[in-house]
There are 2 protein chains.
Amino acid sequence: MHDRVDGSEAARWLSGLGDALARADVDATLALFHDDCYWRDFVAFTWNVKTVEGKAALADMLRRTLAHTTPSGWQITDAETVSPTETRLWFTFTTAVGKGLGIATLHDGRCRSILTTLQSLDGHEEASGPTRPLGVRHGADRNRTTWAEARAAELSGFETGQDPYCLIIGGGQGGIMLGARLRQLNVPTLIVEKNPRPGDSWRNRYRSLVLHDPVWYDHLPYIPFPEHWPVFTPKDKMGDWLEMYAKVMELVYWGGTECVSARFDESEQRWTVELLRDGRPVTLRPTQLVFATGAYGPPKRLQLAGQEDFRGEVLHSSQYSDGSGYAGKKVVVIGAASSGHDVSVDLWEAGAEVTMIQRSPTTVVRSETLMKFAFDIYSEEAVAQGIDVDTADLMAAATPFALLPPSQKALYDRIREYDADFYRQLEEAGFLLDFGPDETGLMMKAYRTGSGYYIDVGASQLIIDGHIRIKAGVEIDHLTPSGVAFSDGSEIEADVIIQSTGFHSMHEVVAQIVDRRTADRIGPCWGLGSGTRNDPGPWHGELRNMYKPVAQQNLWFHGGNLALSRFFSKFLALQIKARQEGLAGPIYGGP
Amino acid sequence: MHDRVDGSEAARWLSGLGDALARADVDATLALFHDDCYWRDFVAFTWNVKTVEGKAALADMLRRTLAHTTPSGWQITDAETVSPTETRLWFTFTTAVGKGLGIATLHDGRCRSILTTLQSLDGHEEASGPTRPLGVRHGADRNRTTWAEARAAELSGFETGQDPYCLIIGGGQGGIMLGARLRQLNVPTLIVEKNPRPGDSWRNRYRSLVLHDPVWYDHLPYIPFPEHWPVFTPKDKMGDWLEMYAKVMELVYWGGTECVSARFDESEQRWTVELLRDGRPVTLRPTQLVFATGAYGPPKRLQLAGQEDFRGEVLHSSQYSDGSGYAGKKVVVIGAASSGHDVSVDLWEAGAEVTMIQRSPTTVVRSETLMKFAFDIYSEEAVAQGIDVDTADLMAAATPFALLPPSQKALYDRIREYDADFYRQLEEAGFLLDFGPDETGLMMKAYRTGSGYYIDVGASQLIIDGHIRIKAGVEIDHLTPSGVAFSDGSEIEADVIIQSTGFHSMHEVVAQIVDRRTADRIGPCWGLGSGTRNDPGPWHGELRNMYKPVAQQNLWFHGGNLALSRFFSKFLALQIKARQEGLAGPIYGGP
């Protein structure tokens, strides 16, 4: 963190903003901003997850939202000097329907970027701390319903005639965190999940997996990981935590339940959803439908020429969980991003002979190095400085996506210098490295395409040492009965081929469950519209279709890593709660 | 809280104490204390839970402990003015084996009472925060053991030849919290519990039960209840929390397991324990044996004349869980303490006709009133002032038992005035009230005998309104075929008699599992030796036989409410860990 300042310049600026907005004086507001300015808003003004860029866009946003937002009560809560010319201020404000929280960054007294977020809806605040429930109505009562009885009724209610207001398809971390937020907002919610138990989506993955992000970045809302929790959570331990969490957060969670179809009824403004619960058909009529089926959609499978002749086994990485059957076998892993690396290590540990086929360059960064340079606000040091995970999340969100590349490029320049030997050895082993089309590294790849990178927790050394062989820069021509033949005429033998070839967009799940027309109308999820490979423009400025209204009403997407799921679950839950209560304002900049 | 002071007087006092102790100068140390002084020590000096009272006792304690304790490094961490003449200071110190934390209260510059506690053992500190485990060894490893594999081995290990260092009999809240502490100290520990699942000891209790203490007082170590948790936890919700806790704290917990017998082998210095796990015999050889079978021992049952003639049902309150079978029945509840009241309400709610037989006066205090006046350091307000549960626990422990009665009497004088109408109505209904032999109220009764009180959450109004009838101040003479006959010649009809007559001391469980001779050598658990009814002298100054060495080596008792179990589990775990590592010093003031 940086030195605190007395905040008087920042306070004057905020006061000016509050006055200008109160008068709905757009020109006076614009005068407080640089030409090159950004206003990022989560639900407070736009009822959207939206960044407007530049004065013209800002003016348009304000003209269309101020009348119904009526923001007021701007209060500075903290200010700090980031650099000699840069001040960051934290503030609270109120809108027509609730309370807000934000961060603005001033350069030489004018605003470069501002983040405004809705934090609560008036009259529907979460019961917490001083407002927590009593848990018992003191006094004897012959009609008492105990907690256990109420909970049992709730668990059976959705199968006996009641409908949830919100149905979440997918009970992994994203669905669970969103479910917890909705529960605390008293939105009747059902989570359905194919696997039997909460946490199974982690448990089912390959044996050696541990989370690649550190504990400070991975907290779930309401119940943070305890102080003795490991930095990198093993996958089965994460599974147990999610299972515990779903239980003590009192979620209504149907494991072993598949969503077969969903159809939106325009006249009734709700969905008809067909489920198979432990094989039994159940029909529900929720008002809101959330797809939380994972950040990724269905597996992408390559159709390889000659596949019918190949005598070995071909599977997608999503079907792979355990290498123990592959000892001594020749395994070809197609794909060199995260799952390609992880599967290769798991196979090598099991005693397989592994060749990784790298079809395009990969961004690699060592986990230790990432911990050292990239998690400053999510760390033990940050906690010691009073930066808890909610504070860190808001700090991270204060920088709009458009402003991330320069600092990310600087970070990766530093990392490349720091780990120069490592990268040289990796290239000498034949591995194709890149740091993104604009050298901005891993995180920008994650936001743009969610693919093409690996946080090294061990595979790279195996590649450097030749234990995992690399076949790079050459196309697969066809499969032979005994292996893979390449476009340069070379061949390698294979008993097993594992396609670590990624996943389709989440909107493909909508095509399966709703219909193709709706899926196409919505379009792909994720990506920023950066115009880089696999992230076509135009520029969106936020993740496409995630956590916000999409082209199909009453349908939402939720997902991402633990951190994004945690942070955005708050704003998605508020959007859903506002609709349940009839409080939602017009969507600005919608699909 | 009180105004902070600059601490210079307090700092000088502590510096003087440190110097005198460093020189082992007992006279100089005594000069820093009032004649009427108290030194309460948890493990740091005495390897005991011990209070010495007065200068002669203090001198003796110091002469016998200073040489091996070698306390040093006394550092003041906080000081506050409690009253014009009273200062409280917080400090840290080190001993020959670890780090300590304490609180001293100075009156006019000299010490009235001091608390010293051992907090950690050097080289065996809990891994937490900056020292938390990494959770993964980065790098590929063909001999990798995953977390899930290590955990599975641990869960099966004690049945396949390994012995736990510590065996805890009883997997309720006390056993679970102690097990969690030992786990974090890397002491191989097994918890055995008769009920199938962690939390069942709460779930099995009567339907309407909620915790009588508020959430701020009830936290478990490591994973505090979240901010939305209810003030009073319903029993089944508590059960779920304990079950979750045992799992995510990675305890080795055998449900469905009965401890049949335990025999200490003097030559091997360990126990031979016979268990029945799901009916199968298992023999284990733990070094340390902890009885955590509940704050209470076996049920106390009355042998009533004529019981064989009585045509109805007679059961002990511990066998009662659900009133639904008693609708319309005449039920006599013998006993008017907590369980007598709770069972009566539960029966009335189920539609029974209830008469409570009160054999001796009861201390009653309304829950709301207790919350208002007695939980100041365990409250939302305290949390807002930075007093977390660990801080509050230490503050509470800073007052030795001998000094509690005056402030407790003042508290109950205030409560009796505040609720005068309530108490008048209760007495008018025929209920016999008392506030303890010295008018010190509920908490002193809890420490002295653990019986004879009720925190009113509804029963008292039923008594006032005549819904629960009271028969008080008269002895039961005998049972008739259809009811109860009293010494004054009156009779009442009864279909069912429920004996809410309390429990024997925990040491009776030792008689059952080890032998009578050992149990008698140890003597009763709980109580202070106050010389009041059911708490015979001599004065002990601490709870008898709880959390500290007893007359049988390698045997320990743990229990009490959530707060006591939480707080003392730390010191009992440190005593056990010190023995495992050969670090424990001589016991001062032992049994």
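Numerical summary
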| read-out | value |
| --- | --- |
| Chain B Cβ-axis minimum, rotational copy A, residue and distance in Å | B:MET244, 2 |
| Chain B: relative contact order in percent, alpha carbon pairs under 8 Å with at least 6 residues between | 17 percent |
| The protein assembly as shown - mean residue ellipticity at 222 nm from DSSP helices (-39,500 (n - 2.57) per run, n ≥ 4, rounded to 500) | -9000 deg cm²/dmol |
| A:GLU86, A:GLU380, B:GLU227, reordered so the largest accessible area comes first (probe 1.4 Å) | B:GLU227, A:GLU86, A:GLU380 |
| Amide hydrogen neighbours beyond the local backbone of A:LYS330, cut-off 5 Å, H modeled | A:GLU353, A:ASP495, A:VAL496 |
| Aspartates and glutamates with Cα under 16 Å of A:LYS372, excluding same-chain neighbours fewer than 8 positions away | A:ASP213, A:GLU380, A:GLU381, A:ASP413, A:GLU417, A:ASP419, A:ASP456 |
| Inter-copy spacing of B:GLY466 label points, which lie 7 Å from Cα along Cα→Cβ, given in nm from shortest upward | 9.9 |
| Shortest-first nm distances, B:GLU381 label point to equivalent points in other copies (7 Å, Cα→Cβ) | 4.1 |
| Rg and Dmax [Cα atoms of chain B; Å; Rg one decimal, Dmax integer] | 25.3, 84 |
| Compactness relative to 2.2 N^0.38 Å, alpha carbon Rg of the range B:230-277 | 1.73 |
| Anisotropy class of the range A:284-384 from Cα gyration tensor, a/c 1.5 cut | oblate |
| Ratio Rg/Rh, restricted to the range B:1-110 and using Cα atoms, in which Rh is the Kirkwood radius | 0.94 |
| Carbon plus sulfur fraction of accessible area for the range B:16-122, probe 1.4 Å, in percent | 49 percent |
| Length-normalised contact order of the range B:126-225 in % [C-alpha pairs under 8 Å, at least 6 apart] | 22 percent |
| Shape of the range A:315-451, Cα gyration tensor, a/c cut at 1.5 | prolate |
| Bridge type composition, chain A - antiparallel percent by DSSP, nearest 5 | 55 percent |
| Residues along the range B:112-150 losing 50 Å² or more of accessible surface when the other protein chains are present rather than the chain by itself (probe 1.4 Å) | B:ARG132, B:LEU134, B:HIS138, B:ALA140, B:ARG142, B:ARG144, B:TRP147 |
| Probe 1.4 Å - accessible area at A:GLU493, Å² to nearest ten | 120 Å² |
| Whether the range B:432-529 is rounded, prolate or oblate, judged on the alpha carbon gyration tensor where a/c under 1.5 counts as rounded | oblate |
| Shielding by partners - mean other protein chain Cβ count within 10 Å, residues of A:230-242 | 4 |
| Positive-end extreme of charge dipole, chain B - chosen from B:VAL52, B:LEU185, B:CYS37 (charges on Cβ) | B:LEU185 |
| Residues of chain A: accessible area per residue with a 1.4 Å probe, Å² | 38 Å² |
| Share of carbon and sulfur in the accessible heavy-atom surface of the range B:241-342 [1.4 Å probe, %] | 45 percent |
| Using a 7 Å Cα-to-Cβ projection, A:ALA67 label spacings across copies, nm, ascending | 9.1 |
| Mean Cα-pair separation over length for the range B:1-77, i.e. relative contact order, pairs under 8 Å, 6 or more apart, % | 34 percent |
| The range A:56-142: translational diffusion in µm²/s, Stokes-Einstein, Kirkwood Rh over Cα pairs, 20 °C, 1.002 mPa s | 135 µm²/s |
| Normalised convex hull volume, the range B:454-591, alpha-carbon set, Å³ per residue | 183 Å³ |
| Cα lying deepest toward the dipole's positive end in the range A:87-161, options A:LEU101, A:ALA153, A:GLY135, charges on Cβ | A:LEU101 |
| Whole-Hz couplings from phi, Karplus 6.51/-1.76/1.60, listed for the range A:207-212; x for Gly and Pro | 3, 8, 5, 10, 4, 8 |
| Spatially proximal aspartates and glutamates relative to A:LYS570 (Cα-Cα < 13 Å; intrachain offsets below 8 disregarded) | A:GLU125, A:GLU126, A:ASP390, A:ASP393 |
| Residue order for A:ASP309, A:ASP342 - accessible surface, 1.4 angstrom probe, largest first | A:ASP309, A:ASP342 |
| Square roots of five times the Cα gyration tensor eigenvalues for the range B:178-313, Å | 28, 28, 13 |
| Accessible area buried between chains B and A, both sides summed, probe 1.4 Å, in Å² to nearest 100 | 5100 Å² |
| Accessible surface of B:GLU126 - all protein chains present, 1.4 Å probe, nearest 10 Å² | 60 Å² |
| Quotient of Cα Rg and 2.2 N^0.38 Å for the range B:405-485, N being how many residues it contains | 1.29 |
| Gained length - B:ASP488 relative to B:LYS194, 0.36 nm times residue gap less alpha-carbon distance | 101.5 nm |
| Rg over Rh, two decimals, the range A:344-385 (C-alpha only, Kirkwood Rh) | 1.23 |
| Cα convex hull volume per residue for the protein assembly as shown (Å³) | 209 Å³ |
| Sorted peptide list for A:16-23, A:44-51, criterion being average Cβ within 10 angstrom, highest first | A:44-51, A:16-23 |
| Cα-Cα over 24 Å, subset of B:LYS50/B:LYS235; B:LYS99/B:LYS409; A:LYS194/A:LYS445; B:LYS300/B:LYS471; B:LYS99/B:LYS548 | B:LYS50/B:LYS235; B:LYS99/B:LYS409; A:LYS194/A:LYS445 |
| For B:TRP13, solvent-accessible area (1.4 Å; no DNA, RNA or ligand), Å² | 10 Å² |
| Chain B: angle of helix B:55-69 to the longest principal axis, Cα-based, in degrees nearest 10 | 60 degrees |
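The values are calculated or read from the model by the stated rules, or taken from the named source; none is laboratory data. These numbers were taken from a predicted model, which means no experiment stands behind them. Positions of Cβ are generated from backbone atoms using ideal geometry, with glycine treated the same way; all protein chains shown enter the neighbour counts. When the accessible area is computed, the model is the full protein with side chains, heavy atoms only, and any ligands, DNA or RNA have been set aside. Shrake-Rupley method; radii C 1.70, N 1.55, O 1.52, S 1.80 Å.
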